[in-house]
Amino acid sequence: MHLSGKFLCLLMLLPATVCANAQSLGGTVTDCEGRQPLAGVSVRIAGTSGGTATDANGQYHIGNIGAGLHTLEFSFVGMASVRKEVKAERGRQSVLNVCMDEGALGLGEIVVAAKSPVQHVRETSFNVIALDAKVLHNTSLDLSHALDRISGVKLRETGGMGSNAQISLNGFSGRHVKVFMDGLPMEGFGSSFRLNNIPVQLADRIEVYKGVIPVELGADALGGAINIVTSHRRRTYVDASYSYGSFNTHKSNLSVGLAAKNGFFVRFNAYQNYSDNSYRVKTRLLNLETNSYSAEEYWFRRFHDNYHNEAVVVKAGVAEKPWADRLQFEFTVSREKQDIQNANLMKIVYGGRERSGRSLIPGITYEKRNLLVENLNLRLAANAGLARNNNTDTLARQYNWRGEYRAKGFKGEGQYAMGEYDNRNATLAANLHYRPAEKHHFALNNLLGGFSRKATDAAANSETSTAATFMRRTNLKNVSGLSYRFEPSGYWNAAAFCKRYDVMVRGPINVSATSTASYEEQERTFGTNGYGLAATYRPTASLQLKASYEKAYRLPSENELFGDESLETGDAALRPENSHNLNLNVSYDRSFGKVHSVYLDAGLIYRDTRDYIRRQIEQRYGGAYYTNHGRVRNYGIDLEARYFYGRRFSVGGNFTYQDIRNMERYGIGGRELIYYKDRMPNVPYLFGNVDANYNLHDCFGKGNALSFGYNMRYVHSFFRDWESEGGDIIIPRQLSHDLDVLYSLRDGRYNIGLEVRNVADEMLYDNYSLQKPGRSFLIKARCFLYKQ
């Protein structure tokens, strides 16, 4: 660890001093129904710019205020605002506890960033945006498409429902961006329970951390992190929905909650997705007699791309007990089956290849505030997952896009496979937060994760096995962090942190010096330290400035190390990525009169990354593999602007530009690389979104609402290969438009919506040649009943 990092960690352990003479205000904010603490509630002193936000435990503190009577204003997305008077007595802390009731949300109103449920993070120095997922519950979106509407976030898909989907954030995509659910990483959840098949109804809000990540998440990430926060409110309700759309697409969801007065609660959620994915694509045709591809491209309908998945999530526990604020047990079971229509190159088509997966994930969460001493809060969370995957490629055939085929002399359309693999995963997260005094916050976090894979069907694997097939594949990693945050006032605060990364990888390593592979089972370990600083300052109540820096590391994921046993090949010898990350941000949020408000945000990023892990496509068979690339540098900018006219109308947009270039000058043998300072290939560098919503309240009856929505996405063209090597293959410019109409009756109890995606029927690609669906229609009905 560098001297600066050691010095930083020592500074964080110095005793804090506090001025005890000033008067202050404090208390806890909960929801009135379940008495659950509300994090991120904005707390303002009326008539002044002073204020703060509640922390993760619903607690707030405002110091250095004048003695006398003050009016506090409490505001929170989805809750009715509260105004309370409290008297600040000289030299003492006055306590005011508040509960908040739910307020009405207009259909189609998407609240991003300003005054969001993660306001307590925005008031600190972390660059975070939040999407209130509740306002999207009447749409058919999954979690990945909901994320696609956030500034700086780009969803990259390889096809329709069930296809591979990667989230790009500030130029980093795939596994450079860590995804969490309720603070636990989703890496071990299995392919049948992932962002692009989980309905948005499962989320309460979505948090997107750009750049520096708080130690509470325990993340080893370079591009940022995404945390899916599910609802923790205790209430009795039934939420059922069904949708039907183009390409024989069906989606259904049932959610039931029960809350008892003695603190017991249970939540049940079941959902399913199905689609034929029978949309048309334009590609080249293979002549089965000459084994050559046509020069021209033709339109074909996908004929082997059915997908379905089902999942059940059950959570039960108790809350508000002397020994636990929340003790929750949960169990998730899911499965999926997918036909594989094509390789990573569209022209290579299959007619019988398929994969399937099943997963079981039990988990437990324990939370206790004021553990042993006041303001010491503990959170423990753990889960263990078993995911069983089957990959089948047995036909001795070669297909073309007409569905015609010819016999081959060997089994397998791509690479013969008939194996079964078990992926086992376990995660334990422990977090302690301590506030010894009003201005000082300490956090200690540890995230331990383990992964193993083994072949379980010896008879099936024996036909396709190599020396590496039955070698152990294990990955054990631990990320621990310590942070200190100083909040002297509502105008500025600063944080410092250090992290420790440790990993052990065991797996097959190719030790051959020739083109013939020779594998040995080897074990490799790695350990290092990271550190960072962050600060924010509010010159006025509407203007906020932020700056943060982190020396970050990202440990290779299981797919990068061991592949997916289907279309991707891993490399157990991959080295962890490391990067210097710098973020600068300025945001402006202000209301004018009673109905007008604006939100503006601009962010600058800098990344200097070493041992960058790059995904590449093998051209002959269309498979993918991973390599360490050396050095990559990225300069980028995010811009967002949004205007609200009360709850009637909103319009906004975001724009992202990133200059990601290869800075590795010399290759093997000291030869200068021709693509030195080229843009990194197959990475979008300019994209943006525009959205607008118009809402009519009390339409055709009191408590009814009609909403019209529009969303536009743009991605500039980019090269698939290195430009200086004569790369003439370009992923073309993408421009798509979506429309939706939503009608809600009786304050949201009964809802029906119509969506049109890709209105202009454009040819859309996120990756070279892998075309996404054209124009599609979808209708959705939803019923939401709850106990008052």
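The values are calculated or read from the model by the stated rules, or taken from the named source; none is laboratory data. Note that the structure is a prediction, hence the values are computed from the model and not measured. Cβ sites come from the backbone with ideal geometry, for glycine too, and all protein chains shown count toward neighbours. What goes into the accessible areas is simple: the full protein's heavy atoms, side chains included, and nothing from ligands, DNA or RNA. Shrake-Rupley method; radii C 1.70, N 1.55, O 1.52, S 1.80 Å.
Looking at ALA311, ALA295, ALA316, can you tell me which residue is surrounded by 18 or more Cβ atoms within 10 Å (Cβ to Cβ) and among the small types (Gly, Ala, Ser)?
So the residue among ALA311, ALA295, ALA316 that is surrounded by 18 or more Cβ atoms within 10 Å (Cβ to Cβ) and among the small types (Gly, Ala, Ser) is ALA311.
For segment 224-256, give me each residue that is buried (at least 17 other Cβ atoms within 10 Å of the Cβ), of a type outside the set (Ser, Thr, Tyr) and free of Cβ contacts under 8 Å to residues at least 60 places away in the same chain.
The answer is GLY224, ALA225, ASN227, ASN253.
Table: residues versus (1) in the same structural domain as ARG406 (by TED's automatic domain parsing); (2) open to solvent by 50 Å² or more (accessible area, probe 1.4 Å); (3) touching a residue at least 12 places away in the same chain (Cβ under 8 Å); (4) farther than 17 Å from LEU184 by Cα.
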| residue | (1), (2), (3), (4) |
| --- | --- |
| PHE329 | yes, yes, yes, no |
| THR332 | yes, no, yes, no |
| GLU336 | yes, no, yes, yes |
| GLN341 | yes, no, yes, yes |
| ILE364 | yes, yes, yes, no |
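Residues are listed down the side, and each one gets a yes or a no for (1) among the hydroxyl-bearing types (Ser, Thr, Tyr); (2) assigned to a strand (DSSP E or B):
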{"position": "TYR298", "(1), (2)": "yes, yes"}
{"position": "HIS308", "(1), (2)": "no, yes"}
{"position": "GLU330", "(1), (2)": "no, yes"}
{"position": "MET346", "(1), (2)": "no, no"}
{"position": "GLY352", "(1), (2)": "no, no"}
{"position": "LEU360", "(1), (2)": "no, yes"}
{"position": "GLU374", "(1), (2)": "no, no"}
{"position": "ALA381", "(1), (2)": "no, yes"}
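Those residues that are under 29 Å from the mean Cα position of the chain (by Cα) and open to solvent by less than 20 Å² (accessible area, probe 1.4 Å), I need them from segment 436-446; list them, please.
Selection gives HIS441, ALA443, ASN445.
Give me the pairs: first residue in segment 82-95 and not assigned by TED's automatic domain parsing to the domain that holds ALA67, second residue among the small types (Gly, Ala, Ser) and surrounded by 13 or more Cβ atoms within 10 Å (Cβ to Cβ), beta-carbon distance under 9 Å, and six or more apart or on different chains, which are they?
none
Determine which member of the set VAL373, VAL349 is of a type outside the set (D, E, K, R), crowded, with 20+ Cβ neighbours inside 10 Å and over 25 Å from LEU448 (Cα atoms).
From the options VAL373, VAL349, the qualifying one is VAL349.
Residue pairs, Cβ under 7 Å, 6 or more apart or interchain, first in segment 529-542 and in contact (Cβ under 8 Å) with a residue 12 or more places away in the chain and under 30 Å from LYS477 (Cβ atoms), second part of a loop (DSSP other than H, G, I, E, B) and open to solvent by 30 Å² or more (accessible area, probe 1.4 Å). List them.
From segment 529-542, the pairs are ASN529/MET1.
Which of the residues spanning segment 229-283 are more than 26 Å from LEU184 (Cα to Cα), among the basic types (Lys, Arg) and outside any strand (DSSP E or B)?
LYS261
So, in segment 195-204, exactly how many residues are buried (at least 23 other Cβ atoms within 10 Å of the Cβ) and not aliphatic (A, V, I, L, M)?
3
So which strands (runs of 3 or more DSSP E) stay within segment 527-618 end to end and still have 3 or more residues that are open to solvent by less than 30 Å² (accessible area, probe 1.4 Å)?
Result: 543-554, 577-592, 596-610.
Among (1) modelled with pLDDT of 90 or more; (2) open to solvent by 60 Å² or more (accessible area, probe 1.4 Å), there is one condition ARG647 misses while meeting the rest; what is its number?
Every condition holds for ARG647 apart from (1).
When both residues are 6+ apart or on different chains and their Cβ atoms are under 9 Å apart, which pairs have a first residue that lies in segment 699-713 and is in the same structural domain as ASP747 (by TED's automatic domain parsing), and a second that is basic (Lys, Arg) and open to solvent by less than 60 Å² (accessible area, probe 1.4 Å)?
GLY703/ARG749; ASN711/ARG149; ARG713/ARG149; ARG713/LYS154
Name the strands (runs of 3 or more DSSP E) wholly inside segment 77-167 in which the number of residues that are modelled with pLDDT under 85 and in contact with a Phe, Trp or Tyr (Cβ under 8 Å, 6 or more places away or on another chain) is 1 or more.
Ranges flagged: 79-88, 98-100, 128-132, 153-157.
Residues being open to solvent by 30 Å² or more (accessible area, probe 1.4 Å) and β-branched (Val, Ile, Thr): count how many of those fall in segment 693-752.
Number satisfying all stated conditions: 4.
Among the residues that make up segment 402-421, is at least one of them within 30 Å of ALA316 (Cα to Cα) and surrounded by 20 or more Cβ atoms within 10 Å (Cβ to Cβ)?
No, segment 402-421 has no match at all.
If LYS454 satisfies every condition in (1) open to solvent by less than 20 Å² (accessible area, probe 1.4 Å); (2) at pLDDT below 90 but one, which is the exception?
Checking LYS454 against (1) open to solvent by less than 20 Å² (accessible area, probe 1.4 Å); (2) at pLDDT below 90, the one that fails is (1).
Give me the residue from segment 134-171 that is of a type in the set (A, V, I, L, M, F, W, C) and open to solvent by 20 Å² or more (accessible area, probe 1.4 Å) and, out of that set, nearest to ALA221 (Cα to Cα).
Of everything passing the filter in segment 134-171, ALA165 is nearest to ALA221 (Cα to Cα).
Taking the conditions exactly as written (open to solvent by 10 Å² or more (accessible area, probe 1.4 Å) and assigned to a loop (DSSP other than H, G, I, E, B)), does PHE303 satisfy them or not?
For PHE303, the condition - open to solvent by 10 Å² or more (accessible area, probe 1.4 Å) and assigned to a loop (DSSP other than H, G, I, E, B) - is met.
Give me a count of the residues in segment 717-748 that are farther than 30 Å from LYS702 by Cβ, in contact (Cβ under 8 Å) with a residue 24 or more places away in the chain and among the basic types (Lys, Arg).
Total meeting the criteria: 1.
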